Every structure is written in C-alpha cells, then in structure tokens.
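These notes are about the structure you will find just below.
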Amino acid sequence: MKTNILHHLLFFGASFITVVGMFTWGEHLKNIAPTKHVVIHSAAPTQLTELAIQQPLIRTTPITPLARQALALQKRLRESQGYSPPLFVLTPALTDRQELLTHATVVSFTHPDTGEEVGTWDTSIQKYPTWLTLSTGIASASFAVNPKRIVEYFARNGYPELISPPIHTIVQSTVTNKRGVTHAETTAIARAGFTFNVSEVSSQIAQAIQSGTPTLTIPLKHDNGRVYFASSSGIVVMDLLGVGQSNFARSDAGRDFNIRRALKSYLHNIIIPPGETFSFNRALDNAVTLNQGWKEALGIFDGWDLRPTPGGGICQTSTTFYRALLAAGLPIIEQYNHSLYVHYYEKYGVGLDATIFMGDKDLVFRNDTPSYMLVQAYADGYDAFINLYGVRDGRSVDLLGPYFATNAPEDLTVFNRKLHVNEIAWVQRIHRPNGETKENILVSRYKEIPIRLLAEHKKQKEETVEL
C-alpha cells in the first residue's frame, strides 16, 4: 500500500515537472519553429520526460505577412539554386524591397539645343517590376534596381513614345533610266530624330529610383538619320547635307496633285555620282504633259499672265530643291526666280525660289562632294521636303537674310547699288575646313513685292541660319 502511494506521488510529481519543462523549453523555441497546433501524447513518466526533450511543447503564435514572405522566398531559393540565406537575412531584404516599391522617378527629356522639355516619362518599380532583381549569397541578400533590365526594356520596347528616334535607311538597289537618271530603292525615308546613350541613361534611371530621387533630367541628342549605300568602292555612309522645305497649303487640287507626284515619282531617291551635273528638267524626263499624267494648274506666262498649264505647281518642288542646295553649299550652275512674287514660297525662305520650264528654264547644280549623293523627297502634310544625303567634307553654310530695301545693311550692294524695292536678297557664306570662306549674294527680282513685306521687315534685324 505504501509502495502504491509512493508510486503515484512520484508519477504526478514527474508529470508536473515535465509539463513545466515543456512550457519553458517551448517558450524558448517559439520563434524557431512556430506551429498552430500542439499535440500532447500520453506516456509513462520516463517516456514523457524523454518526449519533452525530443519534441518541445511550443505555444501557438500568429505568423506575420513578412515572415510568410521570407519563408516562401527561402523555399524558392532552395529549389532554384540549392541554397538560401537564413531568414534573419531575408527578412530585412524584403523590408528594403517594400521601400523600393514606393519609389518613383519622373524622367524629363530635354531638347539638345533649346533645353526645353520634350516630354516626361514616369518610372517606378510598381510600373516596371522586372527592373528589380535579387542578389544572394550564403549569408547575404539584397534587392536593387538593375540597369541591365532597363537596357533590356529599351531593346524590346524602343524609346518612350514621347521621343521620336531617327530613321536610318539602306539603298537596296538602283536602276538608271534612258535619260541617265539613277533612282534607288531604299528601305525607308531617312528621318531626323532624338537619341540618347541607352546604357548611361539606364544607369541614371536605376540610381534615381534606388535612391528615391523624384526627378531626373536627360538631355537628348539630335540625329539626322543616315543612308547606307553599297557602291563599287565599298559601303558609303551618307549624312544629311542640306534640307529644303516649302509650304503648299491652300493649293488647288491640280497643283496639290502635281507637287506630290513630282516629289514621289520623279525626285525621290535620285542617286547623283560624285562630279556629276544634275538637271532638274532631265529628272522630269524633259517633258510635262497631260498624257504623262500631269494635272492642269496655274502657271506664269510672259512675266504677268496666269494660265492653266500641265504640271502647274511643279515649281514648288524646284524651289524646295533649290533651298536644299543652298543649305548644303553645293555649286549652283543655273537657277531663276519667278517673275511674280508667289505667296506659296514665302514660308521657310521668302525670296528663295526657283522656277523651271521645259526647254527654257532649269535648275542645275554639280555634286562636288567626295562621294555619291541621295535625294529624298516627300510631303509631310502640306510641307514639301527635299533632303540631300552624302559624305561630309567639312564645309558649313550660313544663310543671312532676308534683306529688303527697307532693312538691308549699308554695306550690302547689288551691282554696286542698293537693293530696289522689288528685290529680296540673302547672303550665303560657305566655310571650308581649310579656313576659306566664299560669300554669295542671292538676289531675287520680282515685278513687285507686297507692301506688307516691306513694312514687316522695315527695322528687323537679319536672322542667321547655320546649316
């Protein structure tokens, strides 16, 4: 009987000590192996004591979202790379990630010449989550905005929509017609645009987002576009030499048709070899008739008369071509201005116009550059463009004007006299890389000039255009 009583006392005493020990050990380990359920097994005193040591009783505690993320991340890392940093390393890294998700940077792109804002681009990890990458070691982990991911983004998606990049073109083939005019087949119309160093800008954007910088200014670079031409002597890389522009808004249907047809079907993609003389009229087959598909529109006859004629309005394209030649500084052999002042030619270069008439008046120049030239002609809305591409030889051009009798400098003379009230003048200066400068006085004489032009330019200073 005494033995039984003693046995029961020892049993309950051992059970009490064991349970207390289990709670004490569980309190110590609760952050190491959290669980939601506790299972208590029945066992003999010696077995219960042993169980308390092997499987400690742990109090139930709630798991935080951050801890859950850390556990999930740890599992993924172990599955993907075979190892993972400990939880106490992953947890602060995830905290840093949450902070980075709140960062945003507005990238402002500015014009290279004026500094004016071209547009803005909102960037953030929330918007572009693939830019954020995780770097890990055995005992390290960190999240960072990866500039390589931004470079990859540009490679896949191109520039932001607010930026118009340059367009380069390739000459795929050429064909020469019976009159000796060579036309090229190209992949596109080369266009000027903006660009920037993708690697440098990607690093700047990554650093700005990482540091929480709210704004970032990126100056753009201007690129005129290039033409690649495989000639008999090798690959020729052509740059923009000169641009001619004119406006033909408010033209009647026939005139509008003729302008667009001349640009697209006759002048576009003409190839001019080095040293060759180019004739505008020859490029138009030396004939402009209704049978060739031209429309009737007004033309100038006998200096005063305006009459319908096939191809009326083609002079808009010869005027545009002439302006491109002036901008490029190419030697002009033959050119005539219109006898009547034409309001269509006022924009982009009043007084700089060139009339043509088959068998009578032509626009002729010589390619004195060291290589081939390509003419690209097109209409953008109601603006006509002639872009001349070739190999640069270091020359640059200044055009000063327009000058009228009311605003011409005192030292500007034409045939040793001052400008007349019916004349408009420009000064062209061609600068060579050897230091030589050639000055040409360009004078257009009309039957009369609108009085408003003389009044508008009475006291205005000349504008200098550097091309």
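The values are calculated or read from the model by the stated rules, or taken from the named source; none is laboratory data. From a predicted model like this one, the values you see are computed outputs, not experimental measurements. Neighbour counts are summed over all protein chains in view; Cβ atoms, including those assigned to glycine, are modelled from backbone coordinates with ideal geometry.
For residues that are modelled with pLDDT of 95 or more and out of contact with any helix residue (DSSP H, G or I) (no Cβ under 8 Å at 6 or more places or on another chain), scanning just the range 334-345, find the one that is farthest from Q245 (Cα to Cα).
It comes out as E334.
Only one residue in V243, V171, V198, V236 is surrounded by 14 or more Cβ atoms within 10 Å (Cβ to Cβ), modelled with pLDDT under 95 and either not polar (S, T, N, Q) or not assigned by TED's automatic domain parsing to the domain that holds A377 (or both), so which one is that? Full working, then the answer.
Working: V243 fails: modelled with pLDDT under 95; V171 fails: modelled with pLDDT under 95; V198 fails: modelled with pLDDT under 95.
After applying the criteria, what remains is V236.
Would the range 128-137 turn up any residue that is touching a residue at least 40 places away in the same chain (Cβ under 8 Å), more than 30 Å from A230 (Cβ to Cβ), in a helix (DSSP H, G or I) and not assigned by TED's automatic domain parsing to the domain that holds S231?
In the first step, residues of the range 128-137 are kept if they are touching a residue at least 40 places away in the same chain (Cβ under 8 Å); the result is 131, 134, 136-137.
Remaining after also requiring more than 30 Å from A230 (Cβ to Cβ): 131, 134, 136-137.
Imposing the further condition that a residue be in a helix (DSSP H, G or I) reduces the set to 131.
After this cut, where a residue has to be not assigned by TED's automatic domain parsing to the domain that holds S231 as well, the list is 131.
For the range 128-137, residues touching a residue at least 40 places away in the same chain (Cβ under 8 Å), more than 30 Å from A230 (Cβ to Cβ), in a helix (DSSP H, G or I) and not assigned by TED's automatic domain parsing to the domain that holds S231: present.
N286 - would you say it is of a type in the set (S, T, N, Q), under 30 Å from K438 (Cβ atoms) and either free of Cβ contacts under 8 Å to residues at least 24 places away in the same chain or assigned by TED's automatic domain parsing to the domain that holds T369 (or both)? Spell out how you get there, then give the answer.
Working: of a type in the set (S, T, N, Q): yes; under 30 Å from K438 (Cβ atoms): no; either free of Cβ contacts under 8 Å to residues at least 24 places away in the same chain or assigned by TED's automatic domain parsing to the domain that holds T369 (or both): yes.
Considered against the rule, which asks whether it is of a type in the set (S, T, N, Q), under 30 Å from K438 (Cβ atoms) and either free of Cβ contacts under 8 Å to residues at least 24 places away in the same chain or assigned by TED's automatic domain parsing to the domain that holds T369 (or both), N286 comes out as no.
Mind checking which residues of the range 60-108 are hydroxyl-bearing (S, T, Y) and touching a helix residue (DSSP H, G or I) at 6+ places or on another chain (Cβ under 6 Å)? Talk me through it step by step, then tell me what you get.
Taking the range 60-108 and keeping what is hydroxyl-bearing (S, T, Y), we get 60-61, 64, 80, 83-84, 91, 95, 102, 105, 108.
Answer for the range 60-108, where residues must be hydroxyl-bearing (S, T, Y) and touching a helix residue (DSSP H, G or I) at 6+ places or on another chain (Cβ under 6 Å): S84, T91, T105.
List every residue pair whose Cβ atoms sit under 7 Å apart, with the two residues 6 or more apart in sequence or on different chains, where the first one lies in the range 217-241 and is closer than 16 Å to T369 by Cβ and the second, anywhere, is in a strand (DSSP E or B) and small (G, A, S).
From the range 217-241, the pairs are M238/G390; L241/G390.
If only one of Y345, Y372, Y341 is of a type in the set (F, W, Y), buried (at least 18 other Cβ atoms within 10 Å of the Cβ), in contact with a Pro (Cβ under 7 Å, 6 or more places away or on another chain) and more than 24 Å from G180 (Cβ to Cβ), which one is it?
Working: Y345 fails: in contact with a Pro (Cβ under 7 Å, 6 or more places away or on another chain); Y372 fails: more than 24 Å from G180 (Cβ to Cβ).
The conditions single out Y341.
Of A192, A262, A184, A188, which residue is within 30 Å of F280 (Cα to Cα), touching a residue at least 12 places away in the same chain (Cβ under 8 Å) and exposed (fewer than 13 other Cβ atoms within 10 Å of the Cβ)?
A188
Being in a loop (DSSP other than H, G, I, E, B) and within 29 Å of P433 (Cα to Cα) is the filter here, so list the residues in the range 355-371 that pass it.
Passing the criteria: L363, N367, D368, T369, P370, S371.
Please indicate, with yes or no, whether at least one residue in the range 297-315 is modelled with pLDDT of 95 or more and assigned to a helix (DSSP H, G or I).
Yes, because at least one residue in the range 297-315 is modelled with pLDDT of 95 or more and assigned to a helix (DSSP H, G or I).
So which residues in the range 175-218 are aliphatic (A, V, I, L, M) and under 23 Å from G158 (Cα atoms)? Walk me through it before giving the result.
From the range 175-218, those aliphatic (A, V, I, L, M) are 175, 181, 184, 188-190, 192, 198, 201, 205-206, 208-209, 216, 218; that's our starting set.
Result: A188, I189, A190, A192, V198, V201, I205, A206, A208, I209, L216, I218.
Kindly establish whether P331 is in contact (Cβ under 8 Å) with a residue 12 or more places away in the chain, surrounded by fewer than 23 Cβ atoms within 10 Å (Cβ to Cβ) and under 32 Å from the mean Cα position of the chain (by Cα). Quick ask: steps written out before the conclusion?
Numbers: in contact (Cβ under 8 Å) with a residue 12 or more places away in the chain: yes; surrounded by fewer than 23 Cβ atoms within 10 Å (Cβ to Cβ): yes; under 32 Å from the mean Cα position of the chain (by Cα): no.
No, not satisfied.
State whether one or more residues within the range 377-400 are of a type in the set (G, A, S) and modelled with pLDDT under 95.
First, pick out the residues of the range 377-400 that are of a type in the set (G, A, S): 377, 379, 381, 384, 390, 394, 396.
Now drop any that are not modelled with pLDDT under 95, which leaves none.
No, there is no match, as no residue in the range 377-400 is of a type in the set (G, A, S) and modelled with pLDDT under 95.
I need a count of the residues in the range 160-176 that are over 20 Å from A104 (Cβ atoms) and touching a residue at least 12 places away in the same chain (Cβ under 8 Å). Show your work before the answer.
Narrowing the range 160-176 to residues over 20 Å from A104 (Cβ atoms): 164-176.
From what is left, the residues that are touching a residue at least 12 places away in the same chain (Cβ under 8 Å) are 164-174.
The number of residues fulfilling the criteria is 11.
Quick check, is T277 touching a residue at least 12 places away in the same chain (Cβ under 8 Å), of a type in the set (V, I, T) and surrounded by 12 or more Cβ atoms within 10 Å (Cβ to Cβ)? If you could, list the steps in order and put the result at the bottom.
On the way: touching a residue at least 12 places away in the same chain (Cβ under 8 Å): yes; of a type in the set (V, I, T): yes; surrounded by 12 or more Cβ atoms within 10 Å (Cβ to Cβ): yes.
So T277 fits the description; yes.
If I filter the range 139-168 down to residues being in contact with a helix residue (DSSP H, G or I) (Cβ under 9 Å, 6 or more places away or on another chain) and β-branched (V, I, T), which single residue comes out as surrounded by the most Cβ atoms within 10 Å (Cβ to Cβ)?
Here the residue is V145.
Among the listed residues R429, R395, identify the single one that is under 31 Å from the mean Cα position of the chain (by Cα) and of a type in the set (K, R). Lay out the reasoning, then the answer.
Values: R429 fails: under 31 Å from the mean Cα position of the chain (by Cα).
When all the criteria are applied, what remains is R395.
Regarding the range 406-419, can at least one residue be identified that is under 28 Å from D223 (Cβ atoms) and either among the acidic types (D, E) or surrounded by 15 or more Cβ atoms within 10 Å (Cβ to Cβ) (or both)? Even if it seems obvious, please write down each step before you answer.
Start the filter on the range 406-419 by keeping residues that are under 28 Å from D223 (Cβ atoms), which leaves none.
Checking the range 406-419: not a single residue is under 28 Å from D223 (Cβ atoms) and either among the acidic types (D, E) or surrounded by 15 or more Cβ atoms within 10 Å (Cβ to Cβ) (or both).
Which one of these is closer than 18 Å to P214 by Cα and in contact with a Phe, Trp or Tyr (Cβ under 9 Å, 6 or more places away or on another chain): R149, R97? Let's see the steps before the verdict.
Details: R149 fails: closer than 18 Å to P214 by Cα.
Among R149, R97, only R97 is closer than 18 Å to P214 by Cα and in contact with a Phe, Trp or Tyr (Cβ under 9 Å, 6 or more places away or on another chain).
Is there a residue being touching a residue at least 60 places away in the same chain (Cβ under 8 Å), at negative phi and surrounded by fewer than 16 Cβ atoms within 10 Å (Cβ to Cβ) anywhere in the range 113-120? Don't jump to the end; show me each part of the working.
First, pick out the residues of the range 113-120 that are touching a residue at least 60 places away in the same chain (Cβ under 8 Å): 113, 115, 118.
Pick out the ones that are also at negative phi and you get 113, 118.
Remaining after also requiring surrounded by fewer than 16 Cβ atoms within 10 Å (Cβ to Cβ): 113.
So far as the range 113-120 goes, yes, one or more of its residues are touching a residue at least 60 places away in the same chain (Cβ under 8 Å), at negative phi and surrounded by fewer than 16 Cβ atoms within 10 Å (Cβ to Cβ).
Sort out which residues of the range 396-446 are in a strand (DSSP E or B) and farther than 13 Å from G351 by Cβ, and write them in order of number.
S396, V397, D398, R417, R429, I430, H431, T437, K438, E439, N440
Taking K361, is it surrounded by fewer than 15 Cβ atoms within 10 Å (Cβ to Cβ), assigned by TED's automatic domain parsing to the domain that holds S265 and in contact with an Asp or Glu (Cβ under 9 Å, 6 or more places away or on another chain)?
Numbers: surrounded by fewer than 15 Cβ atoms within 10 Å (Cβ to Cβ): no; assigned by TED's automatic domain parsing to the domain that holds S265: yes; in contact with an Asp or Glu (Cβ under 9 Å, 6 or more places away or on another chain): yes.
The answer is no for K361.
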